[in-house]
Amino acid sequence: ISKPPPGPVASSIACMAGLPSVPTSSGMFWEVVGGGERGGLLVREGADTASAALSERLHTGSLVRELVAEGQRLCYHFLAGGGPATGWVSTELAGPPPKALLRRIEGTVWSVAGGGDKGGIIVRGGADLASEVCADRLCTGSFVEELGAHGDRLHYRLLNGAGPQQGWVSVRINGKELLVRSEANQIQQASPLSSAPSQPRKIRILAMSGSRSCKDLLKLQTGPLKAVLGKVAEWVYAEGNVEHPLADFLPTFSEFEQTIVKKAGRVTSWYTDIYHCNMGRPCIEMQCDPEVRVESVEIPERVQELRAFIEAQGPFDVVLGFSQGCIMLNYLIGHLRRESGSDVMPWKMIAFFEGMHIRDEAYFDLFATKCSHPTAVLEHDEGHKFPMDQPQAKIVYDAVATEIMKLCA
């Protein structure tokens, strides 16, 4: 969670935009719901859409407070997620039909202040204290929207952070505040999530790209999860060493993705696959066809390269892979299991996005026995990609963030 700049935020925004100092407006809270396919919303220095753009985008899933609104342009103060501390963004894209980029939050917003030493506060299925307890806690530093209240019991919807999507929590216990109302005329201070005494260091995440991709593109793809975790996580991005001709693969990317790939200057894979079939089919189709024999090239050498990278850049709490990055992780895990005879890995959690299994029969022995690690499976209907469509994407990333906080915080 980013700490706001010192001094009156409205004045600092006004100076940046070249406007006279103005008081904050309604102080409404907004949730960023658009821009997922572009890594967030474009932020500019002023209300004019011709004003200078900032280098960092406001991540999808972030929470902001309204300072000034002019038509469909919003001057905001950043509260949670990822992105610049202040700036101007558009609240919707012109249609037809118009597409909302931010959602105005109608209910009261609360931040979770208690439970830092317990991994968060208890969530129940109902207002009654005897109602069923949810498996996960609502993590300290999370932001929630009030849906209803009964005495000191609050019915909430998760906006940003980690924990159950909805539930009932206690606002206070024995005079101790567990949740703090975010008043419209207050400037939110740094969230307890970023400074809780139980978090001695940031959670370290290694993110591995897919085939025919690059780590710069992976930064865009993982933006929504990064926004949910906020500043408690430190990310390291990795890509394979097998390079492909850039011109051959540029047409496979969207226009926006092409700008990122061109700037990166290369696309890579973790290893090369040889498909023993008619090569006129898409790669993903051949990979998923059980009738196709797949031969993976130089796997021991590629595993050793990945091990060297992890040893040099680690330790890591979470290892995250996308597509071929997941297969590469499977190869690494298999080799580590064979060497040690154990399922214990040098990290606490693995997150597979569009994970795939090993296809080369020469390495099936690596998983002759199933790993003993507990596994949770989340599904979405957007195809072979990171989920970006709301509200489905938020449900997925909140669930992943909850597991990360539970295992690593």
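Here are some notes:
- Close pairs from region 67-83: first more than 19 Å from T222 (Cβ to Cβ) and assigned to a strand (DSSP E or B), partner among the aromatic types (F, W, Y) and open to solvent by less than 10 Å² (accessible area, probe 1.4 Å), Cβ under 8 Å, at least 6 apart: L67/Y76; R73/W88; L74/W88; C75/W88; Y76/W88; L79/F143
- Of all residues in region 52-66 being open to solvent by less than 30 Å² (accessible area, probe 1.4 Å) and assigned to a loop (DSSP other than H, G, I, E, B), the one that is nearest to M28 (Cα to Cα): S62
- Taken as a whole, region 234-256 holds at least one residue that is out of contact with any helix residue (DSSP H, G or I) (no Cβ under 6 Å at 6 or more places or on another chain), at pLDDT 90 or above and within 22 Å of A399 (Cα to Cα).
- Here E92 fulfils each of the conditions (1) surrounded by fewer than 22 Cβ atoms within 10 Å (Cβ to Cβ); (2) modelled with pLDDT under 90 apart from (2).
- Listed by first and then second residue, the pairs with beta-carbon distance under 9 Å, at least 6 apart or on different chains, first residue in region 251-268 and in contact (Cβ under 8 Å) with a residue 60 or more places away in the chain, second open to solvent by 60 Å² or more (accessible area, probe 1.4 Å), are S254/E37; F256/E37; F256/R38.
One line per residue, one yes/no per condition, for (1) open to solvent by 70 Å² or more (accessible area, probe 1.4 Å); (2) among the hydrophobic types (A, V, I, L, M, F, W, C); (3) over 27 Å from A308 (Cα atoms):
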{"position": "V344", "(1), (2), (3)": "yes, yes, no"}
{"position": "I358", "(1), (2), (3)": "no, yes, no"}
{"position": "K370", "(1), (2), (3)": "yes, no, no"}
{"position": "P387", "(1), (2), (3)": "no, no, yes"}
{"position": "I395", "(1), (2), (3)": "yes, yes, yes"}
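- Of the candidates I274, I205, the single residue that is among the aliphatic types (A, V, I, L, M), farther than 26 Å from P387 by Cβ and modelled with pLDDT of 90 or more is I274.
- Yes/no for G321 being over 28 Å from S142 (Cα atoms) and either of a type in the set (A, V, I, L, M) or surrounded by 14 or more Cβ atoms within 10 Å (Cβ to Cβ) (or both): no
- Verdict on G148 being surrounded by fewer than 24 Cβ atoms within 10 Å (Cβ to Cβ) and assigned to a strand (DSSP E or B): yes
- In region 25-51, residue surrounded by the fewest Cβ atoms within 10 Å (Cβ to Cβ) [restricted to those that are under 16 Å from Q392 (Cα atoms) and of a type outside the set (A, V, I, L, M)]: E37
- Failed criterion for A47 (all others in (1) touching a helix residue (DSSP H, G or I) at 6+ places or on another chain (Cβ under 7 Å); (2) of a type outside the set (S, T, N, Q); (3) within 23 Å of A162 (Cβ to Cβ) hold): (3)
The values are calculated or read from the model by the stated rules, or taken from the named source; none is laboratory data. Here the structure is a predicted model, which means the values were calculated and not measured. Here Cβ is always computed from backbone atoms with ideal geometry, including for glycine, and neighbour counts include all displayed protein chains. Ligands, DNA and RNA are excluded from the accessible area calculation, which covers all protein heavy atoms including side chains. Shrake-Rupley method; radii C 1.70, N 1.55, O 1.52, S 1.80 Å.
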